[in-house]
1. Out of A108, A48, I need the residue that is at pLDDT 95 or above, assigned to a helix (DSSP H, G or I) and closer than 23 Å to E127 by Cβ. Which one?
2. Quick check on my filter: what residues within region 122-145 are of a type in the set (D, E) and surrounded by fewer than 13 Cβ atoms within 10 Å (Cβ to Cβ)?
3. Give me a count of the residues in region 1-23 that are surrounded by 12 or more Cβ atoms within 10 Å (Cβ to Cβ), part of a helix (DSSP H, G or I) and modelled with pLDDT of 95 or more.
4. Before we move on, is G40 at pLDDT 95 or above and open to solvent by 40 Å² or more (accessible area, probe 1.4 Å)?
5. Looking only at region 26-45, decide whether some residue is in contact with a Ser or Thr (Cβ under 9 Å, 6 or more places away or on another chain), part of a loop (DSSP other than H, G, I, E, B) and among the basic types (K, R).
6. Determine which member of the set V120, V114, V142 is in contact (Cβ under 8 Å) with a residue 60 or more places away in the chain and either within 24 Å of S68 (Cβ to Cβ) or among the β-branched types (V, I, T) (or both).
7. Mind listing just one residue for me: the one in region 146-160 that is free of Cβ contacts under 8 Å to residues at least 60 places away in the same chain and assigned to a strand (DSSP E or B) and, of those, surrounded by the most Cβ atoms within 10 Å (Cβ to Cβ)?
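The values are calculated or read from the model by the stated rules, or taken from the named source; none is laboratory data. Predicted, not measured: the structure shown is a model, and the values here were computed from it. Cβ placement follows ideal geometry from the backbone for every residue including glycine, while neighbour counts extend to all protein chains displayed. SASA here: full protein model, heavy atoms, side chains in, ligands and nucleic acids out. Shrake-Rupley method; radii C 1.70, N 1.55, O 1.52, S 1.80 Å.
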Amino acid sequence: MSIFDLRLETPRLLLRPPIAADFEPWAAFSADELATRYIGGAQVRPIAWRSFLTMAGAWQIQGFGFFSVIEKASGQWIGRLGPWMPDGWPGTEVGWSLVREAWGKGYATEGATVTMDWAVTTLGWSEVIHTIDPANEPSKAVARRLGSRLLRMGQLPAPASFDVEIWGQSREEWLARRAAPAPA
């Protein structure tokens, strides 16, 4: 099986490596100033193209990268989410970025949960972090729902080079949380 055949599913979402047809919605998302304000800002189409190809390259070289998030009910691309660890990154991250129309529906938590399961069991990660802009309260809320906590402050490597809060948890903490019975 090729890595490009990989599929993770939740009741409402399909997560798969990006394909060429994802570029148009990726570019539209990348151009949205509000949706990208905490992840480096809007990108013009040629830069979005390079970013898109970087993700495809991460899948090819590392065997993982952000998944394209597809809403099952509509079949629409609604964002990118998943494991990320480029050179110089402050740790093994599961991150999320969704189009505005998908905000507030629990999709980030739902997708990050199945991705964190995959990262610790299949990729063997011993820690999962989330790099979050200090002003990004909605992403901090997602991190809290995942059971993550603020671990430390850090800085993303160039070309981003901005300060972030590093949230996360160990593999053992994640597995213990997943094994615990759901609250009544």
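1. Of the residues listed, the single one that is at pLDDT 95 or above, assigned to a helix (DSSP H, G or I) and closer than 23 Å to E127 by Cβ is A108.
2. Across region 122-145, the qualifying residue is only E137.
3. First pass over region 1-23, keeping only residues surrounded by 12 or more Cβ atoms within 10 Å (Cβ to Cβ): 3-4, 6, 8-10, 12-18, 22-23.
Those still in the list that are part of a helix (DSSP H, G or I) too: 3-4, 22-23.
Those still in the list that are modelled with pLDDT of 95 or more too: 22-23.
Selection size over region 1-23: 2.
4. No, not satisfied.
5. For region 26-45, residues in contact with a Ser or Thr (Cβ under 9 Å, 6 or more places away or on another chain), part of a loop (DSSP other than H, G, I, E, B) and among the basic types (K, R): absent.
6. Of the residues listed, the single one that is in contact (Cβ under 8 Å) with a residue 60 or more places away in the chain and either within 24 Å of S68 (Cβ to Cβ) or among the β-branched types (V, I, T) (or both) is V114.
7. Applying the filter and picking the extreme gives L151.
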